[in-house]
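**Student:** Pasting a structure here, questions to come.
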């Protein structure tokens with residue numbers, strides 16, 4: 001069971017991932033909103049991964065990686081460097097399996113993220129707030145503990161786990177015209193592309209990305225890998241660059257990648273809160289913002305959207321902050 | 001079809017109300033949250049009326065009143081004095097039926113409430129911010145237009161409509177031990193008591209009320225009607241007094257009425273936002289606050305809770321306000 005780290009997940013492997021994680025994840029609902037349909041001229045179906053365990057779709061991939069661990073690996077645990085939703089998801093999945101998750105975080109990480117990882121039982125190792133120190137610290141932790149590194153997105157086990165979200169959509173909504181997904185490192189987008197190919201091949205997959213972190217957009221337009229440089233977007237889940245495993249899947253499978261302004265992200269997030277009465281984080285509002293900023297491809301279409309997460313500091317809402325104070 | 005204004009709704013009439021409003025209302029979901037179960041030691045089932053049309057359960061009663069109007073009444077429309085969720089609900093139901101809703105509101109009403117009623121097509125008539133002027137203005141409007149007054153809660157059509165929320169719960173959750181409902185004017189509580197009697201008679205109905213608007217609690221304890229005096233609670237939907245039609249239903253049918261502090265309401269509201277990723281207004285958080293403040297009756301019980309609404313000014317969140325600045 002499970003699959004090699006080096007093979008693109010096939011249809012059967014995504015089915016197996018779904019089966020493996022089913023007892024642990026929430027089957028999240030698909031919501032609709034007639035007001036937002038009216039505003040966009042589209043028929044929208046929102047897959048509510050903000051209701052997923054750990055507050056984001058990340059738990060799907062993390063639980064696929066953790067639940068698929070071999071017995072020999074189990075007692076050594078897992079490790080990652082992340083201060084975001086992947087860290088929480090991996091900590092929670094590890095706790096469910098009764099093993100340790102070592103989480104490398106920069107000393108500068110917001111308290112709310114530190115306490116979230118603590119709440120889920122992750123074992124935090126702080127490092128200096130540079131990518132090189134994060135990587136060096138993670139390497140050290142892995143060396144000391146024998147823990148298996150679980151990368152947030154550049155890992156086929158993660159991609160296969162994230163694929164389960166789109167697979168569930170296609171069970172609930174017959175053949176939407178479009179599936180619209182936010183893109184950061186590309187784990188969710190890659191998994192969505194694979195599930196679409198296997199389970200709803202007529203559906204077109206679009207990706208939405210902040211203008212201020214547009215590495216996937218630039219890569220797609222220029223046909224070569226371009227990393228994210230100093231991304232300043234409020235959509236903190238989408239600041240990462242594509243990886244070597246997500247890049248080729250996306251270049252082959254995405255219909256288009258479209259970008260959105262920061263103002264549109266905040267406006268879309270506020271609309272979802274106000275109209276749907278659900279809490280989404282800025283990254284999760286990027287697809288709706290994308291429809292407002294680029295209405296053409298979506299007009300009069302049935303569009304499924306993955307609301308990727310709902311982890312927000314409720315004391316710091318973007319519509320109440322000073323402009324420019326992105327944190 | 002329909003029933004007299006003067007008869008307590010029987011089982012058949014509540015079934016008819018459900019049938020009448022079914023095409024117009026949302027069948028709202030029941031959500032669970034393992035974190036809140038762990039914190040309370042109860043098994044909680046949250047009926048999400050914050051997802052109801054108009055953002056609150058009030059649309060159930062309003063649509064029952066409006067959809068049940070006789071042809072001769074139709075062209076004259078409906079009227080009420082309210083600045084809260086009932087005003088929005090009545091406006092929306094009237095618009096769906098293609099008739100006018102006359103809404104009497106104090107000039108001092110917050111802009112966000114005025115614009116919500118405007119958005120739903122209600123015809124606003126402003127008055128001075130006193131109960132006597134509200135009543136006088138409403139009487140004038142009714143006289144001028146022939147509109148039918150639809151009281152927010154002291155009306156059996158409203159009570160029968162609100163009863164549909166509990167009736168739906170009992171279809172989704174077999175015989176919960178307890179149904180816990182917030183109480184303001186008592187329309188939702190009365191309807192819940194009737195549905196429980198007819199559809200799940202072994203379930204006990206408890207009511208939760210803010211300490212600072214404890215007229216129902218005082219009435220129940222003293223066995224006589226005591227009106228609400230200068231209520232100062234943040235739970236703006238629960239500041240009203242019981243009515244002549246809701247009082248006797250509640251006195252006979254409620255197992256107990258328990259009160260909660262303002263601090264607990266804000267804390268419970270924050271927990272629901274943070275943990276369930278859904279938006280509820282302060283009034284809707286009163287039942288969960290009640291379990292924290294009075295855990296005894298609920299421990300190890302299966303408790304259904306009605307989350308009554310989700311209409312909040314997103315620019316004014318209670319955990320970000322100065323203490324004491326209730327508006």
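The values are calculated or read from the model by the stated rules, or taken from the named source; none is laboratory data. Owing to the predicted nature of the structure, the values given are computational and were not obtained by experimental measurement. Using ideal geometry, Cβ is built from the backbone for each residue, glycine included, and neighbour counts are taken over all protein chains shown.
**Student:** Collect the residues in region A:134-176 that are over 19 Å from residue A:240 (Cβ atoms), part of a loop (DSSP other than H, G, I, E, B) and in contact (Cβ under 8 Å) with a residue 24 or more places away in the chain, keeping them in residue-number order.
**Tutor:** Matches in region A:134-176: A:146, A:147, A:173, A:175, A:176.
**Student:** What number of residues within region B:4-36 are in a loop (DSSP other than H, G, I, E, B) and farther than 30 Å from residue B:271 by Cα? Step through it out loud before you land on a result.
**Tutor:** At the first step, the residues of region B:4-36 found to be in a loop (DSSP other than H, G, I, E, B) are B:4-10, B:22-29, B:32-33.
Retained after the next criterion (residues that are farther than 30 Å from residue B:271 by Cα): B:4-10, B:22-24.
Qualifying residue count, region B:4-36: 10.
**Student:** So, in region A:248-266, exactly how many residues are in contact with a helix residue (DSSP H, G or I) (Cβ under 7 Å, 6 or more places away or on another chain) and part of a helix (DSSP H, G or I)?
**Tutor:** Final tally of qualifying residues: 8.
**Student:** Considering only region A:68-76, I want to know if a residue exists there that is loosely packed, with under 14 Cβ neighbours inside 10 Å and within 14 Å of chain B (Cβ to nearest Cβ).
**Tutor:** No, the conditions are met nowhere in region A:68-76.
**Student:** Inspect all residues belonging to region A:53-66 and state whether any of them is in contact with a strand residue (DSSP E or B) (Cβ under 8 Å, 6 or more places away or on another chain) and more than 30 Å from residue A:271 (Cα to Cα).
**Tutor:** Yes, region A:53-66 contains a residue that is in contact with a strand residue (DSSP E or B) (Cβ under 8 Å, 6 or more places away or on another chain) and more than 30 Å from residue A:271 (Cα to Cα).
**Student:** Oh, and also: Give the residues of region A:62-92 that are in a helix (DSSP H, G or I) and within 20 Å of residue A:240 (Cβ to Cβ), sorted by residue number. Give the steps one after another, and end with the answer.
**Tutor:** Of region A:62-92, the ones in a helix (DSSP H, G or I) are A:62-67, A:71-74, A:85-92.
Within region A:62-92, A:62, A:64, A:65, A:85, A:86, A:87, A:88, A:89, A:90, A:91 meet the criteria.
**Student:** So residue A:287 ticks every box in (1) touching a helix residue (DSSP H, G or I) at 6+ places or on another chain (Cβ under 7 Å); (2) in contact (Cβ under 8 Å) with a residue 60 or more places away in the chain but one. Which box is left unticked?
**Tutor:** Unmet condition: (1).
**Student:** Checking residue B:284 against (1) crowded, with 21+ Cβ neighbours inside 10 Å; (2) in a helix (DSSP H, G or I); (3) more than 14 Å from every other protein chain (Cβ to nearest Cβ); (4) in contact with a strand residue (DSSP E or B) (Cβ under 8 Å, 6 or more places away or on another chain): exactly one of these is not met. Which one?
**Tutor:** (3) is the only condition that residue B:284 fails.
**Student:** Exactly one condition in (1) in contact with a helix residue (DSSP H, G or I) (Cβ under 6 Å, 6 or more places away or on another chain); (2) surrounded by fewer than 18 Cβ atoms within 10 Å (Cβ to Cβ) is false for residue A:321; which is it?
**Tutor:** Answer for residue A:321: the failing condition is (1).
**Student:** Given the options A:310, A:253, A:296, name the one that is modelled with pLDDT of 95 or more and farther than 21 Å from residue A:152 by Cα. First the steps, then the outcome.
**Tutor:** Values: A:310 fails: farther than 21 Å from residue A:152 by Cα; A:253 fails: farther than 21 Å from residue A:152 by Cα.
Only one candidate passes the filter, namely A:296.
**Student:** While we're on this one: Which condition does residue B:269 not pass, out of (1) touching a strand residue (DSSP E or B) at 6+ places or on another chain (Cβ under 6 Å); (2) assigned to a helix (DSSP H, G or I), if it passes all the others?
**Tutor:** For residue B:269, the exception is condition (1).
**Student:** Please work out if residue B:219 is in contact with a helix residue (DSSP H, G or I) (Cβ under 8 Å, 6 or more places away or on another chain), surrounded by fewer than 24 Cβ atoms within 10 Å (Cβ to Cβ), modelled with pLDDT under 95 and under 28 Å from residue B:7 (Cβ atoms).
**Tutor:** No.
**Student:** While we're here: Among the residues of region B:241-271, write down those that are within 14 Å of another protein chain (Cβ to nearest Cβ) and buried (at least 22 other Cβ atoms within 10 Å of the Cβ).
**Tutor:** B:268, B:269
Here's the yes/no breakdown for (1) within 18 Å of the chain's Cα centre (by Cα); (2) within 25 Å of residue A:112 (Cα to Cα):
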residue: A:252; (1), (2): no, no
residue: A:263; (1), (2): no, yes
residue: A:274; (1), (2): no, yes
residue: A:282; (1), (2): yes, yes
residue: A:311; (1), (2): yes, yes
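**Student:** If we scan region B:185-194, do we find a residue that is surrounded by fewer than 19 Cβ atoms within 10 Å (Cβ to Cβ), touching a helix residue (DSSP H, G or I) at 6+ places or on another chain (Cβ under 9 Å) and part of a loop (DSSP other than H, G, I, E, B)?
**Tutor:** Within region B:185-194, not a single residue is surrounded by fewer than 19 Cβ atoms within 10 Å (Cβ to Cβ), touching a helix residue (DSSP H, G or I) at 6+ places or on another chain (Cβ under 9 Å) and part of a loop (DSSP other than H, G, I, E, B).
**Student:** Which condition number does residue B:188 fail, the rest of (1) in contact (Cβ under 8 Å) with a residue 40 or more places away in the chain; (2) farther than 17 Å from residue B:58 by Cα being met?
**Tutor:** (2)
Residue-wise test of (1) at pLDDT 95 or above; (2) surrounded by fewer than 23 Cβ atoms within 10 Å (Cβ to Cβ); (3) touching a strand residue (DSSP E or B) at 6+ places or on another chain (Cβ under 7 Å); (4) in a strand (DSSP E or B).
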position: B:201; (1), (2), (3), (4): yes, yes, no, no
position: B:229; (1), (2), (3), (4): no, yes, no, no
position: B:232; (1), (2), (3), (4): no, yes, no, no
position: B:237; (1), (2), (3), (4): no, no, yes, no
position: B:306; (1), (2), (3), (4): yes, no, yes, yes
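**Student:** Scanning for something more than 17 Å from the chain's Cα centre (by Cα), surrounded by 17 or more Cβ atoms within 10 Å (Cβ to Cβ), assigned to a loop (DSSP other than H, G, I, E, B) and more than 10 Å from chain B (Cβ to nearest Cβ), does region A:290-300 turn up at least one residue?
**Tutor:** There is no residue in region A:290-300 that is more than 17 Å from the chain's Cα centre (by Cα), surrounded by 17 or more Cβ atoms within 10 Å (Cβ to Cβ), assigned to a loop (DSSP other than H, G, I, E, B) and more than 10 Å from chain B (Cβ to nearest Cβ).
**Student:** Could you check region B:1-57 and list, in sequence order, the residues that are more than 18 Å from the chain's Cα centre (by Cα), under 22 Å from residue A:275 (Cβ atoms) and surrounded by fewer than 17 Cβ atoms within 10 Å (Cβ to Cβ)?
**Tutor:** Residue satisfying the conditions is B:23 alone.
**Student:** Can you say whether residue B:28 is touching a strand residue (DSSP E or B) at 6+ places or on another chain (Cβ under 9 Å) and without any contact (Cβ under 8 Å) to a residue 24 or more places away in the chain, as far as the supplied structure shows? Walk me through it before giving the result.
**Tutor:** Values: touching a strand residue (DSSP E or B) at 6+ places or on another chain (Cβ under 9 Å): yes; without any contact (Cβ under 8 Å) to a residue 24 or more places away in the chain: no.
No; evaluated as a whole, the condition is false for this residue.
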